[in-house]
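K.L.:
Take this structure, written in structure tokens, and hold onto it; I'll ask about it next.
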């Protein structure tokens with residue numbers, strides 16, 4: 001058995017989300033921490049690496065006995081390595097992540113896709129204020145998420161997708177990007193669609209797994 005499973009869903013921002021881009025050449029007075037953007041359209045994106053890294057980190061923490069002293073990535077559980085890949089020993093990832101692009105630009109363009117959030121860092125010793133500006137993707141912006149999974153074994157696919165669903169549940173109770181402890185980065189994953197290519201696997205049981213994800217979002221837009 002060999003084939004591909006295409007996993008599509010929507011990722012909707014619930015509270016302002018900051019995934020940082022480069023500010024190397026920012027002019028004086030510009031935003032201190034801009035969001036990452038697609039260089040072609042200049043619209044915000046969710047890099048596949050950001051989503052993959054966050055899901056893997058949450059799953060590793062969920063199997064770790066001491067989250068204050070996390071083991072190295074090479075010591076992740078075998079199932080996590082199988083799904084996300086490993087450099088030591090070399091093991092290609094069965095799950096591939098694509099960058100996620102804005103899907104509701106027309107709906108949001110009158111409001112704008114980003115906001116600038118002003119913050120102050122207060123020095124505890126001197127009480128001096130250090131103002132900064134952080135760009136965030138606003139609540140309501142939706143991205144198209146696409147992942148591709150390598151199908152080789154039906155039983156293994158159920159195990160791997162169950163693990164992915166667990167990571168997505170954890171993500172909805174956590175945050176994506178930076179400044180999550182201050183309320184940023186809450187997201188909702190919804191509208192799942194599955195397509196399989198090159199195999200005859202029934203995807204309905206997998207789809208039921210992913211529909212459970214939607215029950216774990218903290219709140220709706």
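Residue-wise test of (1) out of contact with any strand residue (DSSP E or B) (no Cβ under 8 Å at 6 or more places or on another chain); (2) surrounded by 21 or more Cβ atoms within 10 Å (Cβ to Cβ); (3) assigned to a strand (DSSP E or B).
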| residue | (1), (2), (3) |
| --- | --- |
| 132 | no, no, yes |
| 144 | no, no, yes |
| 160 | no, yes, no |
| 170 | yes, no, no |
| 185 | no, yes, no |
| 191 | no, no, yes |
| 209 | yes, no, no |
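K.L.:
If you don't mind, another one. Looking only at residues in region 70-104 that are touching a residue at least 12 places away in the same chain (Cβ under 8 Å) and in a strand (DSSP E or B), which one is surrounded by the fewest Cβ atoms within 10 Å (Cβ to Cβ)?
P.N.:
87
K.L.:
Still on this structure: Scan region 166-183 for residues that are over 13 Å from the mean Cα position of the chain (by Cα) and at pLDDT 95 or above and jot them down.
P.N.:
166
K.L.:
Next question. Could you give every pair whose Cβ atoms fall below 6 Å, whose first residue belongs to region 185-211 and is free of Cβ contacts under 8 Å to residues at least 60 places away in the same chain, and whose second residue is surrounded by 13 or more Cβ atoms within 10 Å (Cβ to Cβ) and not in a loop (DSSP other than H, G, I, E, B), counting only separations of at least 6 or pairs across chains?
P.N.:
207/194; 209/161; 209/165
K.L.:
If you take the residues in region 21-52 that are in a loop (DSSP other than H, G, I, E, B), more than 16 Å from the chain's Cα centre (by Cα) and under 16 Å from residue 178 (Cβ atoms), which one is modelled with the highest pLDDT?
P.N.:
Out of the qualifying residues, it is 34.
K.L.:
Considering only residues that are part of a strand (DSSP E or B) and in contact (Cβ under 8 Å) with a residue 60 or more places away in the chain, look in region 105-118 and name the one that is nearest to residue 52 (Cα to Cα).
P.N.:
Restricting to residues being part of a strand (DSSP E or B) and in contact (Cβ under 8 Å) with a residue 60 or more places away in the chain, the top hit is 114.
K.L.:
Output the residue which, of all residues in region 193-207 that are over 18 Å from residue 163 (Cα atoms) and surrounded by 17 or more Cβ atoms within 10 Å (Cβ to Cβ), is modelled with the highest pLDDT.
P.N.:
Only one residue tops the list, namely 196.
K.L.:
Shifting gears a bit: How do the pairs read when you match residues in region 17-37 that are farther than 12 Å from residue 115 by Cα with residues anywhere that are part of a loop (DSSP other than H, G, I, E, B) and at pLDDT below 70, using Cβ under 7 Å and keeping only pairs 6 or more apart or on different chains?
P.N.:
Hits for this filter: 32/23.
K.L.:
Can you name every residue in region 4-20 that is modelled with pLDDT of 95 or more and part of a strand (DSSP E or B)?
P.N.:
Hits for region 4-20 are 4, 5, 6, 7, 8, 9, 10, 11, 12, 13, 17, 18.
The values are calculated or read from the model by the stated rules, or taken from the named source; none is laboratory data. Predicted, not measured: the structure shown is a model, and the values here were computed from it. Note: ideal-geometry Cβ built from the backbone for every residue, glycine included; neighbour counts use all protein chains shown.
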